[in-house]
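For reference, the structure is listed below as structure tokens.
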Amino acid sequence: MKRLFILISLFVSFTHAYSQVSLDISTGLVAQSYNEVRIPNETGTLFDLYKDFKIEGPVIYFSLKPGYTFREKNHIFLLYAPLSANYKGSAPYDIVYQNTTFTEGSEISALYKFNSYRATYRRDIYSSGPWSLGVGFTAKIRDAEIRLTSGETSDTKEDFGFVPLLNLYAEYEIGNWSLFFEGDGLAGGPGRAFDLYLGGKVPVSDYLTLKAAYRMVEGGADVSDVYNFTMLHFANVGLIITL
């Protein structure tokens, strides 16, 4: 029993000294530069959801990002980031989408969904003075859908797949607050994906940090059945709870 008590005490002390649990809760508004679609790629009509139709209301998003740090330099993060936007308007020309033709002038309601689920491992490779740098990799699962509806006619394309990404992180401390950059990204082959943050953080207690950032998401795929590239801009605010 005495040995067991010693082992438990050592484990608790080790966990307290070398590990940390966090929860990053973020929200904000989303703007767009373009959202180009052609499905199927070879026979469909190229159109832009953002430029050819009107987005409905402000697009608000949120994300949850639990994290675990161990041995000071190693970080594991999970991310749940759902996103959807609705559009309405008249078709500016005949649109061939999937197996359906939406004729010019028909009133169309459109849904764009892009939910993201990620797991990231990152290790700090440099820490000196105010600077901290880390590199890692992210396994991303995308759950995407684009749906067009006109009256009783509707057609949709769903896409669920895996994307491997590189992860980079840099932070510069200024007094009790800091500037940070974080990015997941990869380019090449039939597509690309970039998710980049630039912002600042300020602690308000030992357990709570406030943050504000600009986030940019850009990318898409150019394959036989899908052509879709989009650029999204996020005004990001949030808080980080650390235990």
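Is the stretch 218-232 home to any residue that is closer than 16 Å to residue 63 by Cβ and surrounded by fewer than 18 Cβ atoms within 10 Å (Cβ to Cβ)?
no
Give the stretch 64-100 a look and list any residue that's more than 21 Å from the chain's Cα centre (by Cα), under 30 Å from residue 241 (Cβ atoms) and part of a loop (DSSP other than H, G, I, E, B), or say none.
Across the stretch 64-100, the qualifying residues are 71, 72, 73.
Does residue 50 count as aromatic (Phe, Trp, Tyr) and either assigned to a strand (DSSP E or B) or farther than 22 Å from residue 216 by Cα (or both)?
no
Out of all the residues in the stretch 202-221, which are more than 20 Å from residue 234 (Cα to Cα) and among the acidic types (Asp, Glu)?
Residue satisfying the conditions is 206 alone.
Starting from the stretch 32-60, keep only residues that are touching a residue at least 40 places away in the same chain (Cβ under 8 Å), then list their pairs with residues that are of a type in the set (Val, Ile, Thr) and part of a loop (DSSP other than H, G, I, E, B) whose Cβ atoms are within a distance under 6 Å, requiring at least 6 positions of separation or different chains.
Going by the 6 Å Cβ cut-off, the qualifying pairs are 39/226.
Please enumerate the residues belonging to the stretch 160-198 that are more than 19 Å from residue 129 (Cα to Cα), in contact with a Ser or Thr (Cβ under 7 Å, 6 or more places away or on another chain) and not aliphatic (A, V, I, L, M).
Once the filter is applied, which keeps residues that are more than 19 Å from residue 129 (Cα to Cα), in contact with a Ser or Thr (Cβ under 7 Å, 6 or more places away or on another chain) and not aliphatic (A, V, I, L, M), the stretch 160-198 yields 167, 184.
Scanning for something farther than 28 Å from residue 92 by Cα and at pLDDT below 95, does the stretch 131-142 turn up at least one residue?
Yes, the stretch 131-142 contains a residue that is farther than 28 Å from residue 92 by Cα and at pLDDT below 95.
Do we find that residue 195 is in contact (Cβ under 8 Å) with a residue 12 or more places away in the chain, crowded, with 18+ Cβ neighbours inside 10 Å and over 19 Å from residue 22 (Cα atoms) in this structure?
Answer is yes for this residue.
Quick one: is residue 138 among the polar types (S, T, N, Q) and in contact with an Asp or Glu (Cβ under 8 Å, 6 or more places away or on another chain)?
Yes: the conditions hold for residue 138.
On the given criteria, is residue 111 over 20 Å from residue 50 (Cα atoms), part of a strand (DSSP E or B) and touching a residue at least 12 places away in the same chain (Cβ under 8 Å)? Break it down into steps so the answer makes sense when it comes.
Details: over 20 Å from residue 50 (Cα atoms): no; part of a strand (DSSP E or B): yes; touching a residue at least 12 places away in the same chain (Cβ under 8 Å): yes.
Against the criterion (over 20 Å from residue 50 (Cα atoms), part of a strand (DSSP E or B) and touching a residue at least 12 places away in the same chain (Cβ under 8 Å)), residue 111 does not qualify.
Report whether or not residue 132 is out of contact with any Phe, Trp or Tyr (no Cβ under 6 Å at 6 or more places or on another chain) and free of Cβ contacts under 8 Å to residues at least 24 places away in the same chain. So that I can check it myself, show each step before the final result.
On the way: out of contact with any Phe, Trp or Tyr (no Cβ under 6 Å at 6 or more places or on another chain): yes; free of Cβ contacts under 8 Å to residues at least 24 places away in the same chain: no.
In short, no.
Scan the stretch 53-80 for residues that are buried (at least 18 other Cβ atoms within 10 Å of the Cβ) and either touching a Leu at 6+ places or on another chain (Cβ under 9 Å) or under 21 Å from residue 135 (Cα atoms) (or both) and jot them down.
Selection gives 55, 59, 61, 63, 65, 67, 69, 75, 77, 79.
The values are calculated or read from the model by the stated rules, or taken from the named source; none is laboratory data. This structure is a prediction, so every number in the text was calculated from the model and none was measured. Don't worry about glycine lacking a Cβ; one is built from the backbone with ideal geometry, like all the others, and counts go over all protein chains shown.
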